[in-house]
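Bear in mind these aren't lab numbers, they're just calculated from the coordinates by the rules spelled out. Note that the coordinates shown come from a computational prediction; the quantities given were computed from them, not determined experimentally. Here the Cβ positions follow ideal geometry from the backbone for every residue, glycine too, while neighbour counts run over all protein chains shown.
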Amino acid sequence: MKPAFIDTHCHFDFPPFSDNEESSLRLAAEAGVRQIIVPAVEAARFEPILKLAAQHAPIFAALGLHPICIERHTDDCLEQLAARLEARDSKLVAIGETGLDLYMENPDFDKQQLLLKAQFALAKKHELPMILHSRRTHDQLAAMLRKVDLPATGVVHGFAGSLSQAQAFVKLGFAIGVGGTISYERAQKTRQVMAQLPLSSLLLETDAPDMPLQGFQGEPNRPERAALVFDALCALRPESPHEIARALGENTRRIFKLPQLEQQ
């Protein structure tokens, strides 16, 4: 039986998928990718993402304010997010993408932290999981999470830190997003982390159209390549591919409360 995959992080509201959704979803389904979570990066993307989720059964929405757009986030953006969460669309499964980033120029880190705390409060109120971005901020993010005690936890996506940093998030109840980085032989630290973490703490993701896999450099990443991330993970883990696929699906449904996939 062909394994079924869930891409827990795909920016399907951006090119090359926008205006090409049906064929992109068909390609994903052919590779076994049958559900896709699409996280927002700013308030202007809330409506397009909710519309995508309403129009396409495989797509689920996450709404949040990403640190990379920090200069565009205002109090009104937070109010828009709060209003969307109050309305609680049935396909809305998480708050995100949000988090912290010290890799970018002019990070305005104080504003990032205030914005993240506001989204923590919304996650607590609505008992929704969070999709968290973290670049060069793993220790700061873990420290903030220890203080907030989120009821629904979530995932630290695109993780590329140390094993001890990953374990700190896992101890707090968070999953770790496994993406195309592990397809690169040179990414030994990340590959070793994904090989050593408990299988119960891993989720599959592409971050498409970003984070291209080995052999696809210079091309937009795509959700069907979650199947290739899975193959790369299987090469690193001692468990059978069947066991890994089953665990990834169970982990995702546990965190995001997605409907069970029908067997094909």
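Quick look at the numbers
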| quantity | calculated |
| --- | --- |
| Along the chain, longest interval not containing exposed GluC sites (Glu not before Pro), exposed being DSSP loop plus at most 11 other Cβ atoms within 10 Å | 1-104 |
| Pairs of lysines in the chain (C-alpha under 26 Å apart; 8 or more residues apart or interchain) | 27 |
| Segment Asp89-Ser162, length gained on full extension (0.36 nm per residue, minus Cα span) | 22.6 nm |
| Contact order normalised by residue count of the range 1-99, Cα under 8 Å, 6+ apart, percent | 28 |
| Exposure proxy order (Cβ contacts within 10 Å, fewest to most) of Asp76, Asp101 | Asp76, Asp101 |
| Derived scalar couplings ³J(HN,Hα) [the range 19-29; Karplus, 6.51 cos²θ - 1.76 cosθ + 1.60; whole Hz; x for Gly, Pro] | 6, 9, 5, 4, 5, 5, 5, 5, 4, 4, 4 |
| Amide H partners (placed H, <5 Å) of His9, local residues excluded | Ile37, Thr206, Asp207 |
| Helical contribution to [θ] at 222 nm, DSSP H n ≥ 4, -39,500 (n - 2.57), averaged over the chain, rounded to 500 | -12500 deg cm²/dmol |
| Excluding exposed DSSP-loop trypsin sites (Lys or Arg not before Pro) (at most 12 other C-beta within 10 Å), longest clean stretch of the chain | 89-185 |
| Estimated vicinal HN-Hα couplings, Hz - the range 165-171 in sequence order (Karplus 6.51, -1.76, 1.60; Gly, Pro = x) | 5, 4, 5, 5, 5, 4, 4 |
| Shape call, the range 85-205: gyration tensor on alpha carbons, a/c limit 1.5 | prolate |
| Derived scalar couplings ³J(HN,Hα) [the range 144-149; Karplus, 6.51 cos²θ - 1.76 cosθ + 1.60; whole Hz; x for Gly, Pro] | 5, 5, 4, 8, 9, 6 |
| Spherically averaged projected area of the chain from its Cα convex hull (nm²) | 12.9 |
| Percentage relative contact order, the chain, counting C-alpha pairs under 8 Å, at least six apart | 20 |
